[in-house]
Amino acid sequence: MEKIGNVVLDDTHYPGEDLYSDGAVEDHILELVRTYPQEEYPRVIAREENWAVMYHLAYERENILSWYPFTPGAKVLEVGSGCGAVTGAIAKAAGEVTCIDLSKKRSMINAVRHKDSGNIKICLGNFQDVERDLEKDFDYATLIGVFEYGRGYIGGEKPYHDFLATVMKHVRPGGKLLLAIENKFGLKYWAGCREDHAGTYFEGLEGYPAAESVRTFTRTELIRIMEECGYTDYKFYYPYPDYKLPRVIYSDAYLPRLGELNQNICNFDRDRLVLMDEGRVYDQIIKDGLFPLYANSFFVEIRKPDAEKEADTAALGQNMPVYTKYSSGRAAEFSIQTRMVMDLAGNNIMYKKAEHHEGQKHISHMAEAARRLKSLWQEKGLLSVNACVLKGDRAEFEYLEGITLEEELDGLLEQNRLKEAADRLREGIIRIRDSAPVTVFEMTPEFQRVFGAIAVTEEEQAVPVADVDLIFSNLLRTKDQRWHVLDYEWTFFFPVPVAFILYRALHYYLEGAPARRRLKETFDFYEEFHISSKQREIYRQMERQFQKYITGNSVSPYSLYHTMGKKALPIGDLLAETNRRRVQVYLDYGQGFTEEQSYFIETGCEEHLDYSVTIPDQATAAWIDPALSACILKDVRLSWQGENTPVKYDTTGFELEKNCYLFDNSDPKIIIEEMPPKNRRVEVSYDISILEEETAALLMDKMNTRKRVKKKIRKLVKG
């Protein structure tokens, strides 16, 4: 036994060495958690720019469980706790947490980061060894990113069935197993992401022909395993974009709407291809009711049978969440969750709650905003406020059904009803513009704190109470044709220019998806609603300042993609790049070089290339085109195979230095005219940098200028 702070480490079953490790990075992570408090982790992640550090320490990892309504005081078993990415979320909600992990290094990291928690015990060792001594009365067990390793944990002919049954032995009747795992058929894998565990393309889709130690499953496969083990009471949830860093948790009771799934390029771990527009494909999947089949990840709640099931359910009396959206990346005072729960009567209840105690003022602000906006809008009746009531620590909203303006416009565009879409967009903008009485804008200190000290050069109309987030996804039209504002979180009690609110509505719709460009290119809505180019630049500055106000000093993993994300290579660009890099060999049989007497060598897109060129005995000369593009070749080496004899060659390039050439057009050539009578196989090696012709031309011009200058200097010296 060992204690780190309040956390107990039980090494009874520890084999004495870590059998699973990510290597030296874990030593570094341990040093980080020893050095920095948890509130500093976001800035540490931003500074480190390392996927492993982010994966193990990001607060957003907890999103997969922080929404779940654990029974107060619950006893929880966490299998495969690792570095404690979700242990904290469990410990905050539960009475006691027993963790199992076979790595002492990872468990040390877990213990250090949660050392102030008095309800965590970590058991070191292989699951099969530890579980023999575990109690069998846990209210919950969790397998977060662990079930796929069942073959390694358990082995045998049916390792996943056995793993599930073994874990369930330790859950009391009526208790629950919570399982998070990638979907083998997740759309991201069809769209060009590598399989998360094997690191290869299409590995899971093809049934894991190469990978031996890991398996993920489709929804159908998971259901089959559960039901064959005797568990028929289960619920599926769908973390988006996946369970590792979820922004939203959907369920079968509340599936995503059209246009919502537009955050799909988020590959921090590996390069990926981009074979399609995933957002548009998701829209088709949603229309056909197939989202549960193609969601990237699953979260499954599995209930252990209990003869007292009905009494147990009634005793809990819980409202089960069917939808949760996180506002990660904001300052603590603005960080909230939006949840929809279904009560026992089947009614939906929507509410917002603060992630941190600093955010309670923001929650209260929403109720006051509802009161003031209702008073402001009631005279003209163009917009209605979605009712809001404060209940304890949450702001509860009326659940409305209808169609958002964003959904309606996207539907019209898909049907090529461009004019109708434009008319409906105009109607929305006019309603926003004319919804409230206006006054002349005057800049206040409160305005400057949020939007900055803008340079207003002309008189602008403003609303005294401003909901600046009247974007089209927040405008819902119900069956009675009333327009409701769903979300008014960003309402300010000081004057804001009306044109800025219109600008935001137009900008976030027209720039939100490629399919909307037709509207932008066909109609100039900014001009139509008198928002000049000068105003737009001012409003862009306001928007940047507004986003800084929201985020404060917070650093979200999602915001780091531009610095930490790996390459996302569109297939069209990749094919074009591959084509530019193709090596073409021309052969002269005494009648000159022709396309007919040539062949290609596929080399891919690597920067360093090694390949062989075979020249037939009858050929008198050969050209090697190293690319079909302007380029620079460095460290060029050609030798006759087996003899290590350098090949005499010439080029059409400009020699920058020894064995380094600049080719300024798309027809570079390495020319070989002297060849031995036998052994005509050339080993070719060089580093290549592909250039645009304009860039190559500028470089060539500089080289020629330098050459002319040197020539003049030599002439002057001689003179």
Looking across the stretch 550-605 at residues that are of a type in the set (V, I, T) and in contact (Cβ under 8 Å) with a residue 40 or more places away in the chain, the single one that is farthest from Q618 (Cα to Cα) is I550
- [ ] Might you let me know whether the stretch 71-80 holds any residue that is in contact (Cβ under 8 Å) with a residue 60 or more places away in the chain, in contact with a Pro (Cβ under 9 Å, 6 or more places away or on another chain), within 22 Å of D22 (Cβ to Cβ) and surrounded by 24 or more Cβ atoms within 10 Å (Cβ to Cβ)?
- [x] no
Here the residues within the stretch 508-542 that are within 24 Å of P495 (Cβ to Cβ), of a type outside the set (D, E) and without any contact (Cβ under 8 Å) to a residue 24 or more places away in the chain are Y526, S532, S533, R540
The residue that is surrounded by the most Cβ atoms within 10 Å (Cβ to Cβ), considering only those in the stretch 241-266 that are assigned to a loop (DSSP other than H, G, I, E, B) and small (G, A, S), is G259
Counting only residues in the stretch 78-122 that are over 26 Å from the mean Cα position of the chain (by Cα) and among the polar types (S, T, N, Q), the one farthest from H13 (Cα to Cα) is identified as S117
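Yes or no, residue by residue, for (1) farther than 30 Å from K92 by Cα; (2) assigned to a helix (DSSP H, G or I); (3) outside the structural domain of R433 (by TED's automatic domain parsing):
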site	(1), (2), (3)
L344	no, no, no
Y351	no, no, no
Q360	no, yes, no
S364	no, yes, no
K374	yes, yes, no
E379	yes, no, no
L390	no, no, no
Only one of (1) more than 21 Å from S327 (Cβ to Cβ); (2) surrounded by 20 or more Cβ atoms within 10 Å (Cβ to Cβ) does not apply to F472, and that is (1)
Counting only strands (runs of 3 or more DSSP E) entirely within the stretch 609-719, those with at least 2 residues that are of a type in the set (A, V, I, L, M, F, W, C) and within 40 Å of the chain's Cα centre (by Cα) are 631-640, 660-663, 681-690
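Yes/no matrix, rows are residues, columns are (1) closer than 22 Å to Q263 by Cβ; (2) buried (at least 19 other Cβ atoms within 10 Å of the Cβ); (3) more than 31 Å from the chain's Cα centre (by Cα):
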position: T478; (1), (2), (3): no, no, yes
position: P497; (1), (2), (3): no, yes, yes
position: F500; (1), (2), (3): no, yes, no
position: Y508; (1), (2), (3): yes, no, no
position: A513; (1), (2), (3): yes, no, no
position: K520; (1), (2), (3): yes, no, no
position: E528; (1), (2), (3): no, no, yes
position: K534; (1), (2), (3): no, no, yes
position: I538; (1), (2), (3): no, yes, no
Checked pairs for the stretch 112-125, first of a type in the set (A, V, I, L, M), second buried (at least 24 other Cβ atoms within 10 Å of the Cβ) and in a strand (DSSP E or B), C-beta under 7 Å and 6 or more apart or across chains, list as I120/V7; I120/V97; I120/C99; I122/V7; I122/C99; I122/D101; L124/D101
Counted residues in the stretch 372-417 being surrounded by 15 or more Cβ atoms within 10 Å (Cβ to Cβ), touching a residue at least 40 places away in the same chain (Cβ under 8 Å) and farther than 17 Å from Y488 by Cα come to 9
In the stretch 287-333, anything part of a helix (DSSP H, G or I) and modelled with pLDDT of 90 or more is listed as K287, F291, P292, L293, Y294, A332, E333
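The values are calculated or read from the model by the stated rules, or taken from the named source; none is laboratory data. Keep in mind it's a predicted model, so treat the numbers as computed, not measured. Reconstructed Cβ throughout: ideal geometry from the backbone, glycine too, with neighbour counts over all protein chains shown.
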